[in-house]
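Here's the structure we're looking at; comments come further down.
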Amino acid sequence: MNDVPAFCLRQVEQSRGDVRTLRAINLDIPMGEVVAIVGPSGAGKTSLIRLLNRLDDPSQGTVMYLGSPIESIHVRQLRRRVAFVFQTPVMFAGTVADNLALARDLAPPAEDARATAMPDAGEMLRLAGVDPEFASRDAQSLSGGERQRVSIARALMTSPDALLLDEPTSALDPDVADHIMATIRTLAERMHLTVVMVTHRLEEARAVSSHTVFMEAGSVIESGPTEAMFTAPNAARTRDYLVRGK
Amino acid sequence: MSAAITSAAVSNAVLTLRWYDLALASALVLVAMAISVWQRLGLARGFAVGAIRAVVQLVAVGYVLAFLISIQRWYLVLLALLVMLIAATLTATDRQKGRRATLFVISGTAMLVGAGLTLAYVDAVVMRLHPWYDPQYLIPLFGMIIGNAMNGAALAAERLSSEMELRRAEVESYLALGASPKRASAEAVRRALVAAMIPTVNMLMVVGLVSLPGMMTGQVIAGQSPITAVRYQIVVVFMLAGAVAVTSVVVALWYQRSFFTSAEQLVVRSIPSPRSTIAAR
Ligand SMILES: Nc1ncnc2c1ncn2[C@@H]1O[C@H](COP(=O)(O)OP(=O)(O)OP(=O)(O)O)[C@@H](O)[C@H]1O
Ligand SMILES: [Mg+2]
């Protein structure tokens, strides 16, 4: 597509109290691709993707979005272009439709101006694999899988260019998880989204992503095209984790 | 303090308590101490020290008030009000760990605005005092509203921090959709305000039924007509409503800002790890 990476991290460090959560991260996330971040618990996967829409900032180093330092972009605009789906979604009060409308209405005035291009709630629900009949359901009453889909649809209401997902399927049954993964792949294709997805399920990463990043103890051990990573990784540690399953 | 408001005006027909009578009253504290020892509550010392402090503080306040009333100097009255404000601010903030300096400034300003404006309004518009600084009215009235404003400020701040901690995920969900920190924390702020104001609403509901306010009781005991005492009390409860509402809203809206960085990131103290948050649910 384009040579500018969607995200570009250089010498990124992060400490929280005494814990070094991220160490010397250098990473490019190509635009329009689905990138999986895998690694053991506590590796720093969540810490890393939280930097990409500035839910947190690094202690040192730079994060660039489409070639601009991330701090130079107005933070609310950035967050609407780079959507975040949490591991445990929070449904706001009201119906599913209310949740989606709220996400759309949080648009800053500048974004409102291109209101004709604003996403349609019914369309986003459909893309996220939610039956349109759900629009009038009380959002709090949904099951875990339904919530996760609604939270994806809600995130899409901001018309993002990139979608960050933190273990979106970790709390779900395997077949519900598979459906959500299929949805994510479709979304990435139809909407030309850059997707960065944290997962601990390796087969999920392998099936859905074109690139894989392997993290451990705050560092990126290896990253590259998914097939190569799973079949012929460079680092011994990657081989142990990805190929031999630890 | 409340008895002093009328002691100058109406003192003839009243039964005067002597120090000897007070010594007899202290037997009641001994009863409380005995119960504490009997039930092993560990409060005996607290009762003893508390009783002594109560005597010293009240006597001191009595003399200060008597002095202020006799000398009638506007700057001394304002100084007394300022001391009361600072004491209330220290009390309101000492329960909050961390952020103490921020909270001191916020609560102090909020009480100055909330209690100060209310007092100024009652002074200038409702009671139309002459002179405006008449310590006989101003100091007891301020004492009552500052105490309630202080509780409002402390409740608003405490509840806001616990709501922000509890609603971390919700607040970040809003932020992640591009919401302003103000929008993201609106529900936490609303709940903090309700928590801060509910006691005042309840007080208005039951005043005169379940509780006889101290000031009114004092006036009646001091020989004032209950009908006159009631009018003062009505003004006082209205003042409390205004002062508590204004103080809490200033605290909640201002304190809310200290939970976000300039890049609109949520910072809550004692951040639980993602794992423990889930386990706690
Ligand atoms: N707010 C925080 N304060 C202190 N330490 C933190 C905080 N958040 C994360 N950590 C620590 O940073 C490290 C990386 O955490 P992170 O959540 O990024 O890992 P993860 O790879 O997402 O793990 P998991 O697979 O369990 O979600 C862990 O050791 C964690 O305990
Ligand atoms: Mg994580």
- Item | Cα convex hull of region B:103-225, projected area averaged across orientations, nm² | 10.3
- Quick one: angle between helix A:96-105 and the longest Cα principal axis of chain A, in degrees between 0 and 90, rounded to 10, please. 80
- Query: When the Karplus curve 6.51 cos²θ - 1.76 cosθ + 1.60 is applied with θ = phi - 60°, which whole-Hz ³J(HN,Hα) does each residue of region A:174-179 get, with x for Gly and Pro?
  - Reply: x, 6, 4, 4, 4, 4
- Specify, per residue and in Å³, the volume enclosed by the convex hull of the alpha carbon atoms belonging to chain A. 130
- Over all Cα pairs of region A:135-181, the Kirkwood radius sets Rh, and Rg/Rh then becomes 0.98
- Task: Over chain A, calculate the relative contact order: mean separation of alpha carbon pairs under 8 Å at least 6 apart, over the residue count, as a percent.
- Result: 26
- Would you jot down the residues in region A:61-102 that end up with at least 40 Å² less accessible area in the complete protein assembly than in the chain alone, with a 1.4 Å probe? A:Arg76, A:Arg79, A:Phe86, A:Thr88, A:Val90, A:Phe92
- Query: So how much accessible surface do A and B hide from each other in total, probe 1.4 Å, in square angstrom to the nearest 100?
  - Reply: 1900
- Task: Rounded to the nearest 10 degrees, what's the angle between the helix B:186-206 long axis and the longest principal axis of chain B, both from Cα atoms, 0 to 90?
- Result: 20
- Lys, Arg +1 and Asp, Glu -1 on Cβ, resulting dipole of the protein assembly as shown about Cα centre, debye, nearest 20: 1600
- Message: Averaged over its residues, how many other protein chain Cβ atoms are within 10 Å of peptide B:167-175's Cβ atoms?
- Response: 5
- Note to self: Kirkwood Rh of region A:63-209, Cα pairs, one decimal, Å, is 15.7
- The set of residues whose placed amide H lies less than 5 Å from the amide H of A:Met215, leaving out same-chain residues fewer than 5 positions away, is A:Val38, A:Gly39, A:Ile221
- Query: Across every pair of different alpha-carbon atoms, what Kirkwood hydrodynamic radius in Å does the protein assembly as shown reach?
  - Reply: 27.5
- Share of accessible surface on carbon and sulfur in region B:74-271, whole %, 1.4 Å probe and ligands ignored, is 68
- Measuring with a 1.4 Å probe in the full set of protein chains, what accessible area per residue, in whole Å², belongs to region B:74-271? 45
- Item | Largest to smallest principal axis extent of the C-alpha atoms in region A:154-246, angstrom | 42, 27, 23
- Message: Using the Cα centre of chain A as the reference point, and only Cβ charges (+1 on K/R, -1 on D/E), how large is the resulting charge dipole? Debye, rounded to the nearest 20.
- Response: 480
- Query: Leaving out ligands, DNA and RNA but keeping every protein chain, what accessible area does A:His74 have, in Å² rounded to the nearest 10, with a 1.4 Å probe?
  - Reply: 100
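The values are calculated or read from the model by the stated rules, or taken from the named source; none is laboratory data. Only a predicted model underlies this, so the values are computations on that prediction, with no experimental measurement involved. Neighbour counts are summed over all protein chains in view; Cβ atoms, including those assigned to glycine, are modelled from backbone coordinates with ideal geometry. Heavy atoms of the whole protein, side chains included, go into the accessibility calculation; ligands, DNA and RNA do not. Shrake-Rupley method; radii C 1.70, N 1.55, O 1.52, S 1.80 Å.
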